[in-house]
Amino acid sequence: MSQVSFDDPSRTFLLTTPASSYALRVGADDSPRHVHWGAPLALGQAAALPTHDGVTSSFASTGGEELAVEGGARFGVPSLLVRYADGTRGVEWAYEGHAINGGRLDVKLRDRHYPLGCTLHYAVHEDSDVIERSLTLRHLGTTEEGDAPIGILRCDAAGWSVPAASGIRLSHTVGEWSGETQLRRIEAPYAETVFTSRRGVSGHHANPWLMVDAGDADEDHGEVWSMALAWSGSWRITAQRDHAGGPFTVTGGAGHDGLTWRLQPGESHETPVFAGQFSRGGFGATSRGWHRYVAAHVLPLPDEVRPVIYNSWEATGWDVTLEGQSALAARAADLGVELFVVDDGWFGRRVSDRAGLGDWQPNPERFPCGLGPLADEVRRHGMRFGLWVEPEMTNPDSDLYREHPDWVLHMPHRRRTELRHQLVLNFARTDVTEWAFTWLDRLVATYDIDYLKWDMNRALTEAGWPGHPDAERLWTDHTRGVYAVIDRLRRTHPGLRIEGCAGGGGRADLGMLARTDQIWISDNTDANDRIAIQYGYSQIYPARTMSAWITDSPNPHTRRRTPLRYRFHVAMAGALGIGGDLSRWTEPELAQARELVSLYKEIRPVVQFGEQFRLKDAVQYRTGDRVVVIAWGQDRALCLAGLSPTEVYVDDDTGAEHHAATLLAHGLPLRLPAQEPTSTVVRLTRR
Ligand code: DGJ
């Protein structure tokens, strides 16, 4: 079946994914109208559907457009807002044709009078129900002909429409530093509900995705429409529930409210992708659909096993020395760690958070011979070597800032707000990104670095660019600059792996995942708190991308005491790391840790590459013949998911046999150790 088809008489396009259909139509006024997003339809059935007509009266419902604009009797949330040089606002579309190429559809539009062109892009894949949408804006004029720039007041990537009766409940995550990705489900008000980040990163307080359902979906059942934005800077997603019966709409894209810039004659602007997925299998199937999509179409190296990492941050902070790190490396290697990452504190005069960012040479007092001896030591233990960097930042107390005070975001007559004693380098400037690439390239080449943790510890403020004629572009171009440096680094050093981080999970999104291997999702390493953070992260992002360390007890952030085994089990739900101060671990603790690292390596293929099922106080992974369950809480019978009832499973540890039918209906009997909080890992293999 073709993935994209077209019915000429009705001007209807049909996108077909394995389990859903999406239809749009070029309306009588040439504007692209939404027709259907949901259960599979044939082209003839889609062509026969009526067009939602919300633009004929002052009192009509809103919504129903593929890309809502300003102009005519439209009163919903515009996805595209433009102003021409003569003061005219809005768009009147003329349809210019389309192109279909495999799973891709481009619908070409232009304004009936002004030199504004717009191509709506759609892409579907044979292995996914996720539909990728974005658009390209084009200024069709030329400076020679005297055409003026066009003011862009808002340019979303796509507008999605959900049937009115289903747009009742919203799922999203909220959070804060050390408490990211807390799942919330709220009834959608009859209003415009805005989810946004004005911080220049996707944010701790919100994450750029949304799920919509009729209020009746659960983990295993129900129709869910979901959308996720592949963007790591400021963003805005606006949902609108309409009382007059119009579709529930969700429009989203890069940038927050109030930012404006000008599209120059001849210039094109590409938005990031705002992808959407319809699922009939509840929130669990929705998440698994996103996980599969991220693996197949987003991650650079989805099939590569994520190593067991040691990271020095919680153990040594800024107190980084050759001796201290070497001692940690020896202990980490003994536990089975595969990659040793020196976090902050190795460079410049970085002995606290007050100085040194921007001066990316090894601290000469701590590392008089450079990092070579430490890298050699780490490799001698059989581990790979990684380093923390924060390329977008500088401390005012740094040689870089003294030399280039104009490289930071700033505005005339305004304070340069310092957060964590640091300022943001303007990555929209090509001299700044060239500088960043040059030192990163040299660093990676000099020490043959295997892994960089790319951090970003503050939001953008006073985001100005004095002297630039269109400075608000930097909100987009800073993020593009970050992407460009990372992409170039990866191209130049194909063996390099990168972990995304922004003061914990402040920049966890599909844009970052397209160029990183894993994400540090929170600075909170308390296993109890982590369960909720990991639960929220798993709604869209797969386990193999989720860096999860076990650290010390009591936890340095929360002071909570938890058993080593429990800390390990919770961290085993993702890409395992160790971040504790190993110099203080006792011999029995080290011995237990060695066993648990080895257990993780044994279950790792299932956790990292399996399908994930969120169960009550447990998470289950399945790939091929193998099932792994990580459970915490009480002794109980835990009903498993995703098995076929005729299968029989054998417990790898006890040899006990379980019929899948009973595992599904009556549950797996869990006997948890008496310690509090308590946890277990069960491994089952299909007979
Ligand atoms: C914030 C990160 O989230 C931490 O893991 C650590 O890398 C610190 N920054 C270092 O300053």
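If you take every residue apart from Asp652 with its C-beta less than 10 Å away from the C-beta of Asp652, what net charge results, scoring Lys and Arg +1 and Asp and Glu -1?
Neighbour charge sum, excluding Asp652 itself: -1.
Could you list His256, His34, His410, His204 in order of exposure, starting from the residue whose Cβ has the fewest other Cβ atoms within 10 Å?
His256, His410, His34, His204
In whole Å, what three semi-axes, largest first, describe the equivalent ellipsoid of the range 1-43 built from its Cα gyration tensor (square root of 5 times each eigenvalue)?
19, 11, 7
How large is the Rg to Rh ratio of the chain when both quantities use alpha carbon positions and Rh follows Kirkwood?
0.99
Give the Cα extents of the range 158-207 along the principal axes, in whole Å, largest first.
Principal axes ranked by extent give 37, 22, 15 Å for the Cα atoms.
Hey, what do the phi angles of the range 460-471 turn into as Karplus ³J(HN,Hα) couplings, whole Hz, using 6.51/-1.76/1.60 and θ = phi - 60°, x for Gly and Pro?
Once rounded to whole Hz, the list reads 7, 9, 6, 7, x, 8, x, x, 7, x, 9, 5.
Considering the alpha-carbon set of the range 545-687 alone, what are its Rg and its Dmax in angstrom?
Cα only, the range 545-687: 15.5, 50 Å (Rg, Dmax).
Applying the Karplus parametrisation 6.51 cos²θ - 1.76 cosθ + 1.60 with θ = phi - 60° to the phi angles of the range 335-342, what ³J(HN,Hα) value in whole Hz is obtained for each residue in order, glycine and proline being reported as x?
7, x, 5, 10, 9, 10, 10, 7
How large, in Å, is the range 353-447 by the Kirkwood hydrodynamic radius built from its alpha-carbon pairs?
So the Kirkwood estimate lands at 14.9 Å.
Based only on other Cβ atoms within 10 Å, what is the fewest-to-most ordering of Lys616, Lys108?
Lys616, Lys108
Would you mind giving the average projected area, over all directions, of the Cα convex hull of the range 247-361 in nm² with one decimal?
With the hull built on Cα positions only, its mean projection is 14.6 nm².
Rounding to the nearest 20 debye, state how big the charge dipole of the range 16-143 is about its Cα centre with +1 on each Lys and Arg Cβ and -1 on each Asp and Glu Cβ.
240 debye
If we sort 547-560, 286-299 on the protection proxy, mean other Cβ atoms within 10 Å, highest first, what's the order?
286-299, 547-560
Kirkwood hydrodynamic radius of the range 1-155 from all distinct Cα pairs, in Å?
Computed over Cα pairs of the range 1-155, the Kirkwood hydrodynamic radius comes out at 16.4 Å.
Sum up the charges of everything whose Cβ sits under 13 Å from the Cβ of Pro189, counting Lys and Arg as +1 and Asp and Glu as -1, but leave Pro189 out.
-1
Work out the length of the dipole vector of the chain about its Cα centre, built from +1 on the beta-carbon of each Lys and Arg and -1 on the beta-carbon of each Asp and Glu, and round it to the nearest 20 debye.
600 debye
Most exposed first by the Cβ proxy, i.e. fewest other Cβ within 10 Å, how do Tyr535, Tyr566 rank?
Tyr535, Tyr566
What whole-number value in cubic angstrom gives the convex hull volume per residue for the C-alpha atoms of the range 620-686?
Taking the convex hull of the Cα positions in the range 620-686, it is 71 Å³ per residue.
Report Rg/Rh for the range 148-297, rounded to two decimals, where Rg is the Cα radius of gyration and Rh the Kirkwood radius.
Using only Cα positions, Rg/Rh for the range 148-297 is 0.99.
Values quoted throughout were computed directly from the atomic coordinates according to the rules given, and no laboratory measurement underlies them. All values derive from a computational prediction rather than experimental measurement. Note: ideal-geometry Cβ built from the backbone for every residue, glycine included; neighbour counts use all protein chains shown.
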